[in-house]
Each structure stands twice: as C-alpha cells, then as structure tokens.
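Notes for the one structure printed next.
The values are calculated or read from the model by the stated rules, or taken from the named source; none is laboratory data. No experiment lies behind these values; they were computed from the predicted model shown. Note that each Cβ is placed from the backbone with ideal geometry, even for glycine, and that neighbours are counted across all protein chains shown. Heads up: the accessible areas ignore ligands, DNA and RNA and are worked out on the full protein's heavy atoms, side chains in. Shrake-Rupley method; radii C 1.70, N 1.55, O 1.52, S 1.80 Å.
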Amino acid sequence: MAQKKTYALPNVTTPGTPVIFHPEVCNGCNHCVEVCQVDVYIPNPEKGKPPVILHPDECWYCGCCVNDCPRPGSITFNWPVQQRAYWKDKATGKVLRDSQ
Amino acid sequence: MTRWHDFIEKDGKPPAWPYPINYDREQEIETDVLVIGGGIAGCWAAISAARKGVRVALVEKGDSIRSGAGGPGCDHWCNAPANPLSNVDPDEWAEHMAEPPYSNGIGIQIQCREDWDTLVEMEQIGGKIRDTKDEFTGAKGRDEKSKLMISPRYTKVHSYIPGSQKPITFKSNPEGKLNNVVIRVWGSTFKPALKKECKRLGVKIYDRVMVTSLLTEKGVQGARVIGATGLNNRTGEFMIFKSKAAVLATAGDWSLYVLNTELAGYNTFRSRNQTGDGVAMAWRAGAALTVMERTGIMMLGTGYKHTWYGGAGDASYENVPIVDANGKRLPWPTQGWEDAGAMRPTPEDMEKIIKGVQSGEYTLPFYGDFPAMAEVERRVTWNMMLGEESTTKNIIDSYGKGGFDPARHLLQNYNFIEGTSPSQWRSAGGGPVVDWDLKSTLDGLYVAGEQSYSAGDHSYAASTGRYAGRKAAEFSRQAGDAKVLKDQVTLEKARVYAPIKRSDGIDWKELHAGIARAMQYFCSEYKTESLLKMGLDALKEIEEVFVPRLYAIDPHKLMRSLEDLSLLNHGQIILNASLARKASSRMLNFFRIDFPKVDPPDWNKFVTVKLENGKVKAGELPLDYCGNMKANYEAHNKDYASVYKGK
Ligand SMILES: Cc1cc2nc3c(=O)[nH]c(=O)nc-3n(C[C@H](O)[C@H](O)[C@H](O)COP(=O)(O)OP(=O)(O)OC[C@H]3O[C@@H](n4cnc5c(N)ncnc54)[C@H](O)[C@@H]3O)c2cc1C
Ligand code: SF4
Ligand code: SF4
C-alpha cells in the first residue's frame, strides 16, 4: 500500500458529507454555492472544479443545491445513515432499506 | 477534492478564504423602504413597496433566490378562502382561524382577504399554480375549468386547532360543502420568480448580509426606526442602511433550545439562519413584543426523531392509508378526502390505537399503504406534493434511487417505535405587537411573516409581506429625513467585530449549547418565579463571562457568533415575558408550578414586554385588541387595488 502522509486532524463533523460531487460532470459553475442559504460550500480554489464542502454540519437537507444544479448528474444527495428510510414490499412482505 | 480535509491531505494546508476580507470597509446605502430578511414575506414586501414607486433595498442573510423556510418550495397554499372555488366567506373563515386565543387576528384577516390576490400575482410573475399540463386529470379536487387543485386539508374539519376535529358548519356554507380553502401549488417555482421580479422592479438586493441592529432617531430606544446596520457574512464588510421605513421579516427562532449544532438538517425544522435576529433587534430598539412566553414542543425534525416528511403519515402525505405491520387498516386519518384532511387521530382513536398496540391487535411498525391508493392520487401526493418542496423532492429522489416504488412498496411510519416522549426541544413563538398597518410600536418599523406573532405558513407570509410593503411605502412617502447618530453606529461596530479581534476563547457552537442548556434548565416544562429568575441570572453570567471570550476566525463564523447573541437576547425576552405572566395557559403551552390555575379569566390577555431606557417594562393588551376584524380591515384598506395591474 502506498504510504499516505498522516496528518493530525480533528474529527470530521456529523454529517460530514451531505452530498457527493461527480467531478466528471460538474463544471464548477458554483450555482450550488449561491443557492445554499447557509453557505455549506465555498468555491473550489481551482476553477472548473466542484465546490468544497466547508460547513457540512450546517446543512439542513433543503435540497436546493441538488435540485437547482443546471448539470444533471453533477451532485447527488448522501443521506446520513440514521436518516435513511425503511419500506416494505407489499407482495413479498420483505423489509427493505435505502442501502445505496 | 471536495472536502476540507482533502486539501490538508493533498497540499498540507486548508484552502484560503475564497472571498476578499474587508472587515475595515464600510458601505452606506440610502433607501426609502428597507426590507430586512429576503424570505417569502420579505420578497413580497419588497415587490409591493417597489410597485408603489419608492426606492427599495432588500437585505438577506443567505441568497434570496432560495433563502428562508419557503425557499425550497411549498406544496400547500393555505387559507385562501377568497379563491373562486371556495365555499366559505373569507371574513367568516378569518374569524374561525383567529378564534384560538393569542392568534394574530390582524395578520389572519389580511391573509384571508388578500391571499388569493397574492397567489394570482404569484402566477403573473412566473409561479405555477395550475395543472396546466393536465398531468393530474381525474384527481379529486382538480377543477376541470380553472385547473386549480384543491387540497383535502381543512375541507371540513380544521385539525390544527386542538379539539376542533369535528366538522364545523359555517354560516356561509350551510350545506356543509367542502370548504375548498387550501390550494395545492407548484411552490418550488415561487422563490426564484420572486427574486426575478424584485430585480425587474429595480429593488436593490444585498444578499449574504446579516442585519445586526436597527438604527433609531437620535439613537434613542423606542424612537422612530431610521435604518439598520449589517455585516456581509462572506467579506466581513460593515453596512449602514438609512431608510424612511423598514419591514422586519426575519422569521422566528428554531434553535434556542437545541443543544447540538451539528445534525442541523434533522435537528430543526428551519435552517441554521433562523436565530431570532429580528426579534432581538426589535427588542434592543425598544419595540413592544408579545406572546414571547409561548414555546411549542416539536416531536418531528428534532434529530432525536426521524427526519421530517421522511415517514408515511407525516404532513403532506395526503390520502395515504396507514396500516399495521400485517396490513391491517388503522383508524389513523389519511389527511385526505375521506377524513376531510384531518392530520392527527382524534383522542378517542389514539386511545384505541395505543390499546391495540399493547394488546397485540396492531403490530408495529406501521406503514403507509401507497399501493392501495388510486394511481392518480398517489401521483398527486408522491410526485406533485412532495416534489414541490425541494426538501421533500430529495426524499422522492433518494428513496427512488434506493429502490422505493410507491406502486409496490409500503413506506414505514415512525409513530411509537421512535418513542413517544417529547425531546427537550422547543420552538419559540411571539414577535412585535402590530397594528392594522402591521406597524410595530416603533414608528417606521413594519413586521411581516413568521416574524409577527403568528403560526407560520407560506401564504400568510406572502400576503402579510405584500401588505406591510405597501404600508411601509406609504409611510416612507410622508416621512421626513432623519440623522443617524454616529455613536450608535460606533457602538454596534464594536459589538459586531469583537469576536474576530480575539484568537482564542470559545467558539459559537460552545456558546450556543451553553445558552440552550440554560433555557432547558430554567425555562421549560416546569416554570416558577425563582427558576425563571435563575434563568435570567444564568444568561447574564453567560453575557458577562463567556460572551467576552467568544471568538471567530472568518466572516461566516462571525455571523454565527452574532446569531448566538441574538439567541441570548431571545432567551432573555422569553424569560422576562414568562415572569410577567403569573398564570398557566394551555394555548401558550405555558405552565407555572407557582400559578397552576390554567387560563384563569383575568389572565386572558396578551402580555407585552419591551425595553425602555434599558429597563424591562411589562404591559398588557386585551385579547381582542384587533377589534372587529372585517370592519378594521376595510377601514384601513379603502384604496386597496386587489390584483396588481401595472407593468
Ligand atoms: C420543509 C418546509 C415545508 C413547508 N411547507 C409549507 C407548505 O407547504 N405550505 C405552507 O403554507 N407553509 C409551509 N412551510 C412554512 C413556510 O415555508 C414558512 O411559514 C414561510 O416561509 C415563512 O415566511 P417568512 O418570510 O416569514 O420566513 P422565511 O421564508 O423563513 O424568511 C426569513 C428570511 O429572513 C432571513 N434572515 C434571518 N435573519 C436575518 C438577518 N439578521 N438579516 C437578514 N436576513 C435575515 C433568512 O435568511 C430568511 O431568508 C414549510 C416550511 C418548511 C421548512
Ligand atoms: S454541482 Fe452543479 S451547480 Fe454545483 S458547481 Fe457543479 S455543476 Fe454547478
Ligand atoms: S441541501 Fe440545502 S443546506 Fe444542504 S448543502 Fe444543499 S443547499 Fe445547502
């Protein structure tokens, strides 16, 4: 395994990753940075790259960043584990969960 | 490279602050009408003031394109009894709505009279309010001609008001036809349309600016409001707004009692930005506030329970039958046509359900039986209603990606299994006292939306914002110029920037939890004179010992730190109002051990509190101080022009 430098970092907040960016689609237009009312993101220092998630602990899951993104497939929600739903198949009775 | 620590790991250093830092810069803006808060009420206030031809500045902490509770969208346009499909008289509906004690009869009357006009204007500027693409033909409540879609909510019963789950017969609807006062709307289109219209009308928009204080004539507490100060929460620049009239529309405070500032997404039903800034600045400026002693316990969206709208049976799950784990139907209302929109079981049905769970008649958990619904009704609920709030669109999308198909799957309901004990979490109500112009007790200061002491809904915010905007514009026309006192600005600047002058101490999250803890100990279920006084002492100690240690490392955290100071003020206001009410009250969810009598007749009145020369002054107002709602509304709106016809 290639040695990765280990830094002394504090714990990541919970939630830590409210969304996942897909850099192959996202063109870094920063529209999501603008629509987020609590400023979870800042623009990426590198132009054209997806924004940086700076304040994930302030996300209230309003969905505006994902729903207003002009390039579908650039950004997806990443529900924290405790927030994921349960449901049941009516025909089989099998209990299912959002386990993506 | 989208997470902060990715940068550390790659470059060995965090990314630089992406915006210019301008703590030492100051900007002065002059306007006729200043709107504070660019949510639903604020945007409407700005639009209606601008349509009166005056200069308008709109200041918003986030970005007004999607900010506020209503930014992500809205699926119910509540209380539009003047709509063409309604079967009740707006004035009679208003009276019914204002019947519970401590309601804001003035705001409610405005809503009932002008809500439909507001919705029509919403459509004019690009909001979608009809099923124009015929996607839901055949759904119950859809009017073929107008293509409006009535919601079953409030169709016969009005289930928000405790004890009113029985059908109510209105004089204006003697045959008991469906009331048809709530309209299903495509509310995710609303906020961007509002911002666009503000821009088109030349409203000067200041996004990412937190208003920190109101400026008063000669700096005197209780004098006319002549402007405000603000902080750009990206650059740290200081802003001075000079105005002839101001509309306060920053909504309420939903995190005062919340200990944990993480998990905000599931901790509060409002975003982090809702921290009672408006009520705190109105208090410091000397406005009289009322209903401040009321707090509500929320079972939903607390972080200790499932996420709001995440489970079948939550609000907006219209017409979804609730069944037990074996598919047995429960006497739980469907919020639909068959039970006239009732949202909670009656106390008798609840008793039956609890007994059934204990005896094994009903098996936990419960589910929402989507597959049992008619296809078009399922689409209306799942795709249209839930799709029209960005917040719930996530739910559809995420569940969908996870494999949920409402035609085949039953969605879990979380009642009972997540516990029935309330969490130590409260929402705080109340706001400035207003008159029939929605003017506060301070000249030049108008109030709209959830900022006014009223239950919040989108259409209430829209119609009261639209109303306050035109009244503020009228006032600004005849108001003279006023001079801002330099000292008032200097003092505020010192308060605002204190946390960035320090590099050590306690951060906003720790202070927030400290304030919440004090409120939980001294101002929750069990209230007594001595506990409430201990609460005031506790907040004073926080103010004197810990606030001077508050530090912030960038403009964003500086804003969060200043919000803590609003919360601190808000706590002080609640404690003072609680001390002033020496009786218990059910409608206020206010119980004092030392005054156990619930709603004794001599305490059926509004308690008011305000600051005068820095000292707290309590007062009172009769419960019916708004007078005859219909007559007063008409007397104050002789020139009301109904739907806007200008360009
Ligand atoms: C998920 C969800 C779903 C809802 N669904 C419905 C529905 O279907 N139907 C319905 O009727 N209602 C609904 N509501 C309620 C409705 O959205 C609110 O009642 C309405 O938005 C209140 O409007 P407002 O203008 O008073 O407050 P908001 O829209 O919250 O606006 C207040 C604004 O003030 C800004 N602000 C705060 N402090 C400052 C400051 N110091 N300086 C500058 N700006 C500041 C905030 O950033 C915010 O933008 C829902 C709410 C939520 C959260
Ligand atoms: S996720 Fe979408 S909105 Fe955000 S920067 Fe990428 S393309 Fe733009
Ligand atoms: S979901 Fe809402 S709060 Fe969270 S990052 Fe997106 S826009 Fe911001």
(request) For residue A:5, list the aspartates and glutamates whose Cα falls under 19 Å from its own Cα; do not include residues on the same chain fewer than 8 positions away. (result) B:6, B:9, B:11
(message) Could you report the accessible area of residue B:334 in Å², rounded to 10, computed with a 1.4 Å probe on the protein chains as they sit in the structure?
(response) 0 Å²
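If you roll a 1.4 Å probe over the stretch B:322-412 with all protein chains in place, what percent of the accessible area is carbon or sulfur? Write out the running numbers ahead of the final one.
On the way: 1780 of 3500 Å².
Solvent-exposed carbon and sulfur of the stretch B:322-412 make up 51 percent of the total.
Once you average over the residues of B:369-381, how many Cβ atoms of partner chains fall within 10 Å of each Cβ?
1
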(message) Probe radius 1.4 Å, ligands and nucleic acids left out: which of B:595, B:170 has the largest accessible area, and how do the rest follow?
(response) B:595, B:170
(message) Can you work out the Karplus-derived ³J(HN,Hα) for every residue in the stretch B:542-554? Use 6.51 cos²θ - 1.76 cosθ + 1.60 with θ = phi - 60°, whole Hz, and x for glycine or proline.
(response) 4, 5, 8, 9, 9, 4, x, 9, 5, 9, 9, 9, 7
(message) Let me make sure I get this right: for chain B, a, b and c are the square roots of the gyration tensor eigenvalues over alpha carbons, sorted descending. Under 1.5 in a/c it's rounded, otherwise prolate if a/b > b/c, else oblate. Which is it?
(response) rounded
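With a 1.4 Å probe and all protein chains left in place, how much of the accessible area of the stretch A:19-97 comes from carbon and sulfur atoms, in whole percent?
Values: 1840 of 3240 Å².
So the carbon and sulfur contribution to the accessible surface is 57 percent.
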(message) As a test of the definition: with a 1.4 Å probe, what buried accessible area, both sides summed, do you compute for B against A, in Å² to the nearest 100?
(response) 5100 Å²
(request) Using amide H atoms built 1.01 Å from N in the peptide plane, name the residues 5+ places from residue A:39, or on other chains, whose amide H lies under 5 Å from its own. (result) none
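Where both partners of a DSSP beta bridge lie in the protein assembly as shown, what percent of those bridges are antiparallel, to the nearest 5?
On the way: 56 of 80 bridges.
Beta bridges within the protein assembly as shown, antiparallel portion: roughly 70 percent.
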(request) Pairs to check: B:533/B:582; B:328/B:401; B:145/B:177; B:191/B:630; B:540/B:582; B:509/B:582. Give those whose C-alpha atoms are more than 25 Å from each other in this structure. (result) B:328/B:401; B:191/B:630; B:509/B:582
(request) Would you grab the residues whose amide H sits under 5 Å from the one on residue B:640? Only those 5+ places off in sequence or on another chain, please, with H modelled 1.01 Å from N. (result) none
(request) Can you work out the accessible area per residue across the stretch B:76-184, with the rest of the protein chains kept in place, probe 1.4 Å, in square angstrom? (result) 38 Å²
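Can you classify the stretch B:286-400 as rounded, prolate or oblate using the Cα gyration tensor, where a ≥ b ≥ c are the square roots of its eigenvalues, rounded means a/c under 1.5, and otherwise it's prolate if a/b beats b/c and oblate if not? Mind showing how you got there, number by number?
Details: a/c = 1.88, a/b = 1.23, b/c = 1.53.
Oblate is the answer for the stretch B:286-400, as a/c is 1.5 or above yet b/c matches or exceeds a/b.
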(request) Please calculate the 1.4 Å probe accessible area of residue A:87, with all protein chains present, and give it to the nearest 10 Å². (result) 0 Å²
(message) Exposed loop sites here are trypsin sites (Lys or Arg not before Pro) in DSSP loop states with at most 11 other C-beta atoms within 10 Å. What is the longest stretch of chain A lacking them?
(response) A:48-93
(message) Can you give me the solvent accessible area of residue B:608 with a 1.4 Å probe, rounded to the nearest 10 Å²?
(response) 20 Å²
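In deg cm²/dmol and to the nearest 500, what is the mean residue ellipticity at 222 nm of the protein assembly as shown if only DSSP H runs of at least 4 residues count, each as -39500 (n - 2.57), divided by the residue total?
Working: 18 runs with 210 residues, N = 747.
Result for the protein assembly as shown, helices only: -8500 deg cm²/dmol.
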(message) Please list, in order along the stretch B:400-412, the HN-Hα scalar couplings obtained from phi with the Karplus expression 6.51 cos²θ - 1.76 cosθ + 1.60 (θ = phi - 60°), rounded to whole Hz, x for Gly and Pro.
(response) x, 5, x, x, 6, 10, x, 6, 10, 10, 9, 8, 5
(message) Can you list residues from other chains, or at least 5 along the same chain, whose modelled amide H is less than 5 Å from the amide H of residue B:212?
(response) B:229, B:230, B:231
(request) Within the stretch B:52-157, report the GluC sites (Glu not before Pro) that DSSP leaves as loop and that have at most 10 other Cβ atoms within 10 Å. (result) B:144
(request) Rank by packing, highest mean first: peptides B:472-483, B:23-34, with packing defined as the count of other Cβ atoms within 10 Å averaged across residues. (result) B:23-34, B:472-483
(message) I'd like the Karplus ³J(HN,Hα) series for the stretch B:586-599: coefficients 6.51, -1.76, 1.60, θ = phi - 60°, whole numbers in Hz, and an x wherever there's a Gly or Pro.
(response) 6, 4, 8, 6, 10, 10, 10, 5, 7, 9, x, 4, 8, 6
